[in-house]
Amino acid sequence: MTTYKIIEDSKQEPSLEEAQKFVGGYVEGVELNNGDYMIINEEGKIHQLPVNTEATKVWEQSYGASDVIMGPAIVIKAKARKEWR
């Protein structure tokens with residue numbers, strides 16, 4: 001099972017270092033259509049990390065079934081975004 005985390009309070013918003021530790025490497029940020037922000041492992045596909053079904057569902061809600069998210073992911077809800085803008 002791949003790790004998935006939702007941040008709903010700006011006090012819980014991760015620093016860059018915390019996000020890198022959570023995803024296990026370099027981070028890539030994706031702006032979602034609803035204002036939420038997804039942080040994923042930039043090299044998830046290169047390293048053939050497991051498909052993250054929860055994060056992929058979130059992706060599909062914004063962009064359709066055009067891609068998959070591989071590896072751990074953090075979703076920061078729009079109302080909680082402070083640093084990750």
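Karplus-based coupling profile of region 73-85, in residue order and whole Hz: 8, 10, 10, 9, 4, 3, 5, 9, 6, 9, 7, 8, 10, with θ = phi - 60° in 6.51 cos²θ - 1.76 cosθ + 1.60 and x standing for Gly or Pro. Near Y4, the amide H atoms lying under 5 Å from its own belong to A73; only residues 5 or more places off or on other chains count, and H is placed 1.01 Å from N. For the chain, the fraction of alpha-carbon pairs lying more than 14 Å apart is 58 percent, rounded to a whole number. Here's the picture: charge each Lys and Arg Cβ at +1 and each Asp and Glu Cβ at -1 in region 1-52, and of V23, H47, I6 the one pushed furthest to the positive end of that dipole is H47.
We did not get these values from a lab; they are worked out from the coordinates using the rules stated. Nothing here was measured: the structure is a model prediction, and the numbers come from that model. Reconstructed Cβ throughout: ideal geometry from the backbone, glycine too, with neighbour counts over all protein chains shown.
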